[in-house]
Every structure is written in structure tokens, then in C-alpha cells.
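Peer 1: Quick one: the structure is below, questions incoming.
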Amino acid sequence: MAYTVSIEEENKEIAARYKDLLKGTYQRLTAQDKKDIRKAFERALEAHSDQRRKTGEPYIYHPIAVAKIVAYEIGLGPTSIVAALLHDVVEDTHYTLEDIEGEFGETVARIVNGLTKISRLSKEQDASIQAENFRKMILTLHDDVRVILIKVADRLHNMQTMDAMPEYKQQKIASETLYIYAPLAHRLGLYNIKTELEDLGLKYTESEVYNDILSKIEDSKEDQEKYIKSFSKVIKTSLTKEGFSYKIKGRTKSIYSIRKKMRAQSVSYDEIYDKFAIRIIYKSEQTQEKFDAWKIYSIVTDHFQPNPTRLRDWITQPKTTGYESLHITVMGPLGKWVEVQIRSERMDEIAEKGYAAHYKYKNASEKESGLDTWLNRLKETLENPDVNAVDFVEDFKLNLYADEIFIFTPRGDLKPMPSNATALDFAFSIHTEIGMRCRGARINGKLKPINHVLKSGDQVEIITAAQQKPKLRWLDFVVTARARARIKASLREEQKEIAKEGKEVLTRKLRSLKLSLNEPLVNELVGYFKLKTSQDLFFRVGNGSIENNQLKEFASQRSNAFFNFFKKRMRNTPDAATIHKEEINENYDMLVFGKEEEQLDYTLAKCCNPIAGDKVFGFLTINEGIKVHKKDCPNAVSLQANYAYRIMQAKWIDSTQQDFNVFLHVSGTDKFGLVSQLTRVISTNMHVNIHNLNISGSDGVFDGRITISVKNNQQLKKLTENIKKIDGIEKVERIYKQ
């Protein structure tokens, strides 16, 4: 529909929207605040005077709307309202940051600068560039959290007004919103905004599904209201009798969460029983809130039978976002399960507005320390910004939506962790060094391995060992971004050390072959061994993957005519800048199955044609052995739902970085200090780890069994030779059972 409004009508509408903004601000405004907001409005009006939105409307409608979301729904103060009104001025008009700082001060200019940077970043299409943009956006949390809060408000208004955009743009913006902005709003405690972003995201990515669920919700509204009335009628008398001032209202589950549940449980809309919740909001003094919440819980459960497995107490231990509420599920009227949320007016305000409301109830010193604590929890996911951008965003997202559990330290302190966190995640949450040296854990007094999944209420004591260091397989079971980032950083450091040693070894080996290590030769070797970087080459020499005979073969081929031709082709090898990348290339050259990571025979499924590096699983067929499918294969849901017992874990690995357990039998003459010599030779030999050492001596002879992890056969061979050199060792042999 064409936009046809006169200039006079537009001016009236602009004035009305501005008055509406001032009328409903969450925080009280002083005369100076109103003056600053008025000045910001006038600057934005002037700066955007020649601009129109895609709908044909004046552009100024957008900054006013963003400022209104910032004021009403997030509850931020005058500084943020001013910044929201000016958020597009530097990006789209002749105004500069210096102009903003001169008129509105350094804080507003810093926030506008952060918003301008994000706006400029988000115009690229490429996935890895997009991930880099998100990372830079997330890193603005270090500068001022208000930048992200205003950006979320900006995104919400853009999502609310996307109808005039072409479909491909709607899809892109909606996908981006579901990918990062909705999870971010969730983690910031902006639950209302998160819900609206998710629903609008679904509206543009799966419009038919969205409209179908929306119409069903609207059709059932009358029945829902009747149900809330019948529920309220039963408990109102008891609540009033106890002197509570309260209101009872219904909250329909969001369209997005209904869709999510339908998919997860493979059920229809009608089969979802908890499509709405009943919320009891009561007035209470802050010191009395907890007591009153449990009193209301007692009244509700006197009338309706509770489901004991569905009690969620976020009053005793609030979520890290500040969210507080008591959730119970009871058997309500007509034999239907219904969720009841019990919260005070203060708790409800925090649930609605998140960040800003949470600190409204603190005194000045608490506000500052509370904000620091809250930001520090978020910043855990931002540490180590040198990691791959896509990994960074994926790791960050891991922590955005994670449900929380609460773990007791040995001293009895409570520490929040994401659900499915392991003992190793907990170790890293205490301190990086404790995580690095973690060998096991004592959970509720019992010894458990580092990959043990924790449950809420567990008391955990971490056991460390000086010789322990991170392993590649640790990444398979940690769930926190902090742990993943630390493990990856440590592995890279270890790989650099091995590569450094490898470079020296390669120099010596090439010298014996009458070759000098230089950049052109490194390029040839990288191409010859089908690698990507010089670091990759040095690493493989360092860990023994590239052996002497392979280097000899390279040297002999180099001298013949075929190899000269091959060398010409190698002129296209990446230049030195590319070759000296620090990150080691992952060569997905081996598929392993199960927790033990065994090599088994398999075929690749034709329905999804997986390739090396894809996320996959194995399916044990009746006649054709193991078939490997991609995790997002069209048949994956059906296979996993109907034949779960025939599904096998599977993953592609880089065999040169994989550890393999080996059992050695060692025997000889028992001599003083022999055991310490043996352990020293193993632990200092090419980064080999000892897992188990069992040695017994009798009548001057000794017998021992050792479990170690090695990278390859060459490494094992060298280790065996070094052990044999120890005085007193007579026999070293590999055995195949412990």
C-alpha cells in the first residue's frame, strides 16, 4: 500500500511520537535530562530530514522508536535515550563524532561510536566475515554494555518494520536475529524482547508455520481466559484471606517456543500441554519476598496437586541475569497440567526489563559491584579474542541460552554453571591453571573422571596433577566457552612448541640429505605432503608423523625431471605470509567411532554424501555394515528416533593430532632410582603422557606395566629405544591387553 501523508500530518505525528517517548520513560527525568533529550531529538530530526524509510515514512520515526524501546522496555536512563536518538546520525549524515562529543559529551559520543562501528560491520555477506562482525560487536561489552542494549533495541524495531523489504533481505536479517540477537537478549535478561525477536524471526524464516500457530493461539484465547478464571477462583479466597495484594494473569508461550517444542518432541500443536502459564504477582517488602513466595506456593499446592519434578526455585538462587521467580507445575482444573509462576512486583519488573531494573533496587555501591560482577560473567565468553571468529561466536552462543545448575565448592559456596557442564568445566571456572592441571574430581565425596556431567546440588572438589596438561579430546566434552577457549589456546601453544622442535629436527635431517632449509624448500615440502602451512609441516616432523624415509623419498624425487615439473606447479603455493599462519590446519583424514574412537569399516550414505570434516554419526545397518550419515541428513531424525540402539558416535579427526593408548611391558634388574629414570625418560620424550605405571620388584629383578599415549608408531619406536638405554632395563615389549 502506497504511503500518502501530507507534510503537516507528518509533523503532527512526529511531535506526538516524541511526546509519547517522554511520557512513558521508565526513570524520572530532571529538567536538564529533558533539555538534553530535546536537543538530541532536534539534531536527529535535522540530520535525517532528507531521509525516508523503505515504507516511505520519515526516517526520524526509527530513532524515536528505538529510544522508546530503550526507555520503556529496557528501562535505561537519559544518556541512553540521547544516544538512541542519535544512533544513526554519524553513520548516515554529515554529523561527526566530534560534533556529538562537543554537544552531548564524551559518554554519549562513545556509545554512538560503538553503534556506528557495528552498523558499518554488518553490511558484509560472507559467513566468516559476518562471524567476525558479531565478535567485534560482542567485544563492545568491554566498552559500555549500553552499546549492545541499544543495538538490541535497534534490531527489534527493524524486525517490527520489515514488511516493505524484499524477501531475501527479510530472510537474511531474520536468520541473523535468531542466530545472535535473540540469544543475546536472553542473556541480557531482556526476556520480553528476546521472545518478540524469536517470534518475528520465525515469521520471516518459516512464515506458514508462524501464521498457523498464531491463528491457533488466537482461536484458543477465549478458552484460555476461561481457564485462568476457573483457576483464579479456586485460590483467590485463600490469597485474600492471608492479606495478599496480588494480581493473577496468563502468559501464552511464544510462537517460537511452541514451534521449538513441536520439533523437539515430534508432536502437533494440540499435543503440547503447557502452551500458557499462570502468573501470580504479589506486593511485598523486599525483606519479606521470599517468605511470601513460599506462602503463596503453599496456598496453591493446598488446592492443586504439584508435580514434584517440575519445581524451579530461582528465588533462593537467582539466575546470573538477575531473574527471580518460583515456578511450579500443578494439576489444574479439568485435569490439565499448568505452570504457575510466583513472583513479587520487583521480580516481575526485573523479568520484564532485565538489566536496568535489576540495578534500580541496589544502593550506589551495590549497583557498581553488582554491574561489575554481571559484566565479568559475560566477559568470560569474550576472553581470548584470537580464536577463529566462527568458533568464537559458536562458543559464545553456547553460553547464551544455557540453562543453569548450581554447584557447591568444598567450602560450601554456590557457583552457577551451565547445564551439562562437566567437572573439567567447573575446574576452569575456578581458575585457568586448575583447569589445565585437572586430573579428576571428588563429587559428593566419590572419585569421578574429569568428563563426569555435574548435577545441580553436587559438591565438587577438583583434583590436580603437576604433570597434567590439556588434551585434544577434552574439547569433546567441555561445554563452557571459557574452558574451550583455554584448552584450544593451550593446544596451540603445545603445537607451537612441537613445531619449534620439529623445525630444528627438519633442519638437521635435510642437512644430512645435502639440502638447506629455506623458504622455497619449505613451500615444496608443504605441497609435497599436501599440507597448508609451514607450521603444519614442522608440527608433523616434531611429532614423528613425517619419517626419515619420507624425507629421503622427497629428496630423490626432487632430482628427477618429474619432480621439476611438479615444482613448477608448486609456484602457486601460498606465499610466506600465508605459510606462517599460527593456526595448524586440520586434516580430517580419519573417521573414528564410539567413545574409544575405534577405526572400523564403513561406507558413506548416499542420501546426504558426507565429506571429511562434516559432523556425522554411524548407523549400523542389517546387511551393509556401518553407514555414515551427516547429523543434518534428511533421514537423521527418523533414524535416531526409531533406531537409537543402532546409532554410533562418529567423528572425523586429524590422525597426526590424535593420541593412542599403548601398553608396554618392561622388565630387568632392579636398581636404585630406576623408576624415576624411567618416568623421566617417558615424560620428556616428545610429549608422551603416562596414564598408568605399575611396577613390582622381587629378589633383584623388576617387572612393570605402563600405559602411555602416543601420536604414532614412529614416536613409540623412538620411545622404546630410549627406554632400552636405561641401565638395568633388559626388555621392552608392546602388549595388547592391560
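Peer 1: Does the stretch 590-653 come out rounded, prolate or oblate by the C-alpha gyration tensor, with a ≥ b ≥ c the root eigenvalues, rounded set by a/c under 1.5 and, if not, prolate when a/b is larger than b/c and oblate if not?
Peer 2: Judged from the Cα gyration tensor, the stretch 590-653 comes out rounded (a/c under 1.5).
Peer 1: If you don't mind, another one. Go through the stretch 147-156 residue by residue and turn each phi into a ³J(HN,Hα) via Karplus (6.51, -1.76, 1.60, θ = phi - 60°); whole Hz please, and just put x for glycine and proline.
Peer 2: 4, 5, 4, 5, 5, 4, 4, 4, 5, 4
Peer 1: Mind giving me the nanometre distance, one decimal, between the label points for Leu521 and Trp337, set 7 Å out from Cα along Cα→Cβ?
Peer 2: Between Leu521 and Trp337, the simple spin-label model gives 7.0 nm.
Peer 1: Here's something else I'd like to know. Only counting other Cβ atoms within 10 Å, I'd like Leu472, Leu156 sorted with the fewest neighbours first.
Peer 2: Fewest to most other Cβ atoms nearby, the residues stand as Leu472, Leu156.
Peer 1: Then there is this: Could you give the nm distance between label points at Ala31 and Thr301, where each point is 7 Å from its Cα heading toward the beta carbon?
Peer 2: 5.6 nm
Peer 1: Counting other C-beta atoms within 10 Å, which of Leu521, Leu515, Leu334, Leu424 has the fewest, and how do the rest follow?
Peer 2: Fewest to most other Cβ atoms nearby, the residues stand as Leu334, Leu521, Leu515, Leu424.
Peer 1: Next question. Could you pull out the pairs from Lys260/Lys283; Lys241/Lys455; Lys448/Lys651; Lys172/Lys247; Lys216/Lys627 whose alpha carbons sit more than 30 Å apart here?
Peer 2: Pairs exceeding the cut-off: Lys260/Lys283; Lys241/Lys455; Lys172/Lys247; Lys216/Lys627.
Peer 1: On to the next question. Need one number: nm distance between label points at Asp727 and Thr107, each 7 Å from Cα along Cα→Cβ, rounded to one decimal.
Peer 2: 7.5 nm
Peer 1: A further question on this structure: Tabulate in residue order the Karplus-calculated ³J(HN,Hα) for the stretch 487-498, using 6.51 cos²θ - 1.76 cosθ + 1.60 with θ = phi - 60°, rounded to whole Hz; enter x for Gly and Pro.
Peer 2: Per-residue couplings from phi come out as 5, 4, 4, 5, 5, 5, 5, 5, 5, 5, 4, 5 Hz.
Peer 1: As a quick test, which of the pairs Lys203/Lys226; Lys68/Lys194; Lys532/Lys595 have an alpha carbon distance above 25 angstrom in this structure?
Peer 2: Lys203/Lys226; Lys532/Lys595
Peer 1: Subtracting the Cα-Cα distance from 0.36 nm times the residue separation, let me have the gained length for Gln467 to Glu271 in nm, one decimal.
Peer 2: 65.1 nm
Peer 1: Still on this structure: Fully extended, how many nm does the chain gain between Thr720 and Lys216 (0.36 nm per residue separation, minus their Cα-Cα distance)?
Peer 2: 174.3 nm
Peer 1: Report the full-extension gain for the segment Thr684 to Lys595: residue separation times 0.36 nm, less the Cα-Cα distance, to one decimal in nm.
Peer 2: Separation in residues times 0.36 nm, less the Cα-Cα distance, equals 29.2 nm.
Peer 1: Counting other beta carbons within 10 Å of each residue's own, what order do Ser257, Ser266 fall into, fewest first?
Peer 2: Ser266, Ser257
Read the figures in this text as sums done on the coordinates, not as results from a lab. Since the model is a prediction, treat every value here as computed from it, not as a measurement. Methodologically, a virtual Cβ is constructed for each residue, glycine included, from the backbone with ideal geometry; neighbour enumeration extends over all protein chains shown.
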